[in-house]
Amino acid sequence: MKEKKRLPTDGGPIAWTSPFAALKDAQLPTGSLDRLANGQSASVPALPKKNRGRVDIIRQTAHRGGKTVTVITGFVGIGQAEKEALAKQMQKVCGAGGTIKDGRIEIQGDQREAVARILVEAGFRPVFAGG
């Protein structure tokens, strides 16, 4: 029968061993991080940009008082924080305002070309959809 491990309730010391203690004596392979720590430069090859999926770039004017808005939809497997970072970068490059609503990025004005360049650099495959 397995012995139960219990913590002392009388205020005595707790017997605890680190799960990483075995790694201290292990002979781990040295990598580029060790060279960087020693002040040597590491030549890291540029990784090919992976295809992160298709995103649609749409120009809309409906229900916006005649103002044109560029809407980017169809993000799959991307978190809210990364969407916010992409939106911030798009706003900066386009020199326009924008927001994130319902998982879509909206940039003020017809900014489809600039937005497409940013998305290609981020590894997405932008597609111009709609009018």
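Readers should treat all values here as calculations from the given coordinates under stated rules, not as data from a laboratory. Values in this document were obtained by computation on a predicted structure and should not be read as measured data. So basically every Cβ, Gly included, is an ideal-geometry build from the backbone, and we count neighbours across all protein chains shown.
Here are a few things to note about the model shown:
- FRET efficiency for the Thr61 to Glu84 pair, using the beta carbon distance and R₀ = 25 Å, is estimated at 0.50.
- Lysines whose Cα lies under 26 Å from that of Lys67, excluding same-chain neighbours fewer than 8 positions away: Lys83, Lys88, Lys92, Lys101
- In straight-distance terms, cross-link reach from Lys50 covers every one of the aspartates and glutamates whose alpha-carbon lies under 20 Å from its own, apart from those fewer than eight places away in the same chain; here that gives Glu82, Glu121.
- Sorted peptide list for 19-27, 75-83, criterion being average Cβ within 10 angstrom, highest first: 75-83, 19-27
- Counted charge near Ala62, where neighbours are those whose Cβ lies closer than 15 Å (Asp, Glu -1; Lys, Arg +1): +3
- Applying 0.36 nm per residue to the separation of Ala26 and Val120 and subtracting their alpha-carbon distance, the gain on full extension is 29.6 nm.
- Here the gap between Glu113 and Val76, fully extended at 0.36 nm per residue and compared with their Cα-Cα distance, gives a gain of 11.2 nm.
- Stretching Lys5 away from Phe128 to a fully extended chain increases their span by 38.2 nm, per 0.36 nm per residue minus the current alpha-carbon distance.
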